[in-house]
Structures are given as C-alpha cells and as structure tokens.
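Data block below; observations after.
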Amino acid sequence: MILAEKAVGRRDLIKAVETWLNRVLEEASDFRAEVSEGPGGWITVKPDEELIETVIRLQARLDPTSSGKPPYTARVHEIGRSKITIEYPLPNGLTVRKMLSASSFAAGLGYDGDRPIEFLDVAGIFEGAPISLAADMPSLTQLELFAEQMIRGLDRVMILNAAISEVDEISRLLGDQIAHHDHLTLSTHILYLRLGARLDKLTRKMREKLSDGAIIKPLPWKEAAQLLESGSLRLEELLARIG
C-alpha cells in the first residue's frame with residue numbers, strides 16, 4: 001500500500017509512523033504493519049490489507065492512500081511565480097507530476113485577487129503540504145478544510161513530517177493554549193491556537209519538542225483577515241459551494 005506522503009529520507013519518521021500504526025492495530029486485530037520508504041520516497045505499508053487501509057483513512061482528514069481516482073491527495077512539489085507543481089503516487093508505484101495555474105487553484109478556494117501565491121500560502125498550501133484534488137482543482141474536502149480555518153478565525157500552525165503520536169503529545173503539553181487539532185495525513189497536521197495564545201512563543205516551544213526534520217509553518221489569522229477585509233476572498237461563495 002503506497003501512501004500519498006513522503007518519508008523525506010527520515011528513518012525516524014518511518015519508525016514513528018510504524019509504531020503508532022501498530023499500536024492502533026493492536027486494538028482491532030492481530031495484524032502487524034511494516035512501514036518503509038518506497039520508490040520516489042513515498043511511504044509504503046505492508047501488508048496491503050483492507051483493515052489497515054481503513055484504520056489509516058479513519059485517522060486522517062485527507063485520504064492518505066494512493067489512488068488514480070478523484071478526490072485524491074497530492075503533495076505540493078514546487079511553487080513558482082504563477083504555477084504550482086503537484087505530485088502524487090499511483091498504486092503501481094509510478095509518480096505523477098502536474099503543473100497547475102496558481103490563480104485558477106486559488107479561485108477554486110474563493111479567492112479572486114491578484115496575489116494568488118500569497119493567498120495559497122495563507123491557506124496552508126505551500127511546498128511540501130498535502131492538498132486534496134478533483135479534476136486538478138480543490139476537492140470538496142479541501143474546500144471544507146479551508147472554510148473551517150476561516151470560520152474559526154484563529155491563528156494556525158501546520159506541522160509537516162511528524163508522526164501523529166508526536167503531535168498528540170504536543171497538543172497534550174500545550175493543551176491550555178491549543179483550541180483544536182486535526183491530523184490531515186499521518187505526517188501532516190494543523191493546530192488551532194486559543195485566542196490570546198502567542199503564535200511565536202508556541203511555535204518556538206513546538207520546535208523544541210518535535211524531531212529535527214519536522215517543518216513548522218505558522219499561519220497568522222491577521223493575514224487571512226486582511227484578505228477577507230479586502231473583499232478578495234469570497235467567503236459566502238465558498239460556504240455556498242460546500243453547502
């Protein structure tokens with residue numbers, strides 16, 4: 001089973017994901033999963049059993065398993081001046097890479113301004129981050145996730161290349177300052193800070209606790225608020241799309 005997320009050469013991440021997955025599986029079956037880095041750097045899980053796939057999917061907001069059918073999860077490989085390059089694995093192990101229009105993709109999330117790259121960054125779509133796609137545009141899942149961020153109106157932190165167990169521990173330690181957290185995939189997560197919590201201070205604490213290879217991306221609410229105030233972000237239209 002190939003997951004639409006990369007190991008980025010980190011054996012410690014592979015081991016942490018494997019340990020976490022087997023701990024969850026112990027509660028439901030006698031299966032033992034083996035996690036490794038496969039072709040193209042994508043994380044692979046053996047055996048390819050339906051129960052293991054179900055357990056993985058239940059833990060993530062974005063479908064982390066490889067698929068050639070929409071909606072599917074991809075990774076942002078590169079962001080240029082007007083284009084974003086995404087990549088995702090197929091079940092046969094091949095990697096697909098596509099170049100998409102940044103302005104069109106941003107419009108799919110309700111943004112009609114002239115700074116689509118800045119908007120995508122505010123929305124948590126940056127190099128290395130996962131996105132959910134359908135017909136090379138944001139899927140309904142991606143729309144719902146972004147709408148939640150806007151409705152909550154809180155500072156956010158995205159964490160890449162960290163196991164679920166690591167982020168759960170971070171949330172426990174900083175529980176009085178974390179309002180909510182979601183596991184987007186097995187290695188990508190988003191945390192919402194409580195009102196009054198210091199984004200810079202919490203980011204620094206997270207860096208002290210997480211593995212060296214983890215990427216921490218602060219997403220200040222004030223930047224998203226500026227887009228709302230300017231009228232560039234059509235929040236009402238976004239909410240109408242997701243019902």
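The values are calculated or read from the model by the stated rules, or taken from the named source; none is laboratory data. Every value quoted in this text rests on a predicted model; they were computed, and no experiment measured them. Neighbour counts are summed over all protein chains in view; Cβ atoms, including those assigned to glycine, are modelled from backbone coordinates with ideal geometry.
The table below lists the values:
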{"read-out": "Conditions (1) more than 30 Å from residue 49 (Cα to Cα); (2) within 14 Å of the chain's Cα centre (by Cα); (3) in a loop (DSSP other than H, G, I, E, B): number failed by residue 128", "value": "(1)"}
{"read-out": "Of all residues making up the range 77-94, the number that are among the polar types (S, T, N, Q) and at pLDDT 95 or above", "value": "1"}
{"read-out": "Some residue of the range 128-135 being touching an Asp or Glu at 6+ places or on another chain (Cβ under 8 Å), buried (at least 19 other Cβ atoms within 10 Å of the Cβ) and closer than 16 Å to residue 4 by Cβ", "value": "yes"}
{"read-out": "Selection within the range 48-65 - surrounded by fewer than 16 Cβ atoms within 10 Å (Cβ to Cβ) and of a type in the set (Ser, Thr, Tyr)", "value": "54"}
{"read-out": "Residue in the range 130-150 that is modelled with the highest pLDDT, counting only those that are within 15 Å of residue 84 (Cα to Cα) and touching a Lys or Arg at 6+ places or on another chain (Cβ under 7 Å)", "value": "130"}
{"read-out": "Qualifying strands (runs of 3 or more DSSP E) (wholly inside the range 145-243; at least 1 residues being surrounded by fewer than 16 Cβ atoms within 10 Å (Cβ to Cβ) and touching a residue at least 24 places away in the same chain (Cβ under 8 Å))", "value": "178-183, 215-219"}
{"read-out": "Wholly enclosed strands (runs of 3 or more DSSP E) of the range 1-115 bearing at least 3 residues closer than 25 Å to residue 136 by Cα", "value": "2-6, 42-46, 72-79, 83-89, 95-101"}
{"read-out": "Residue check, residue 110 crowded, with 19+ Cβ neighbours inside 10 Å and either within 17 Å of residue 60 (Cβ to Cβ) or at pLDDT below 95 (or both)", "value": "yes"}
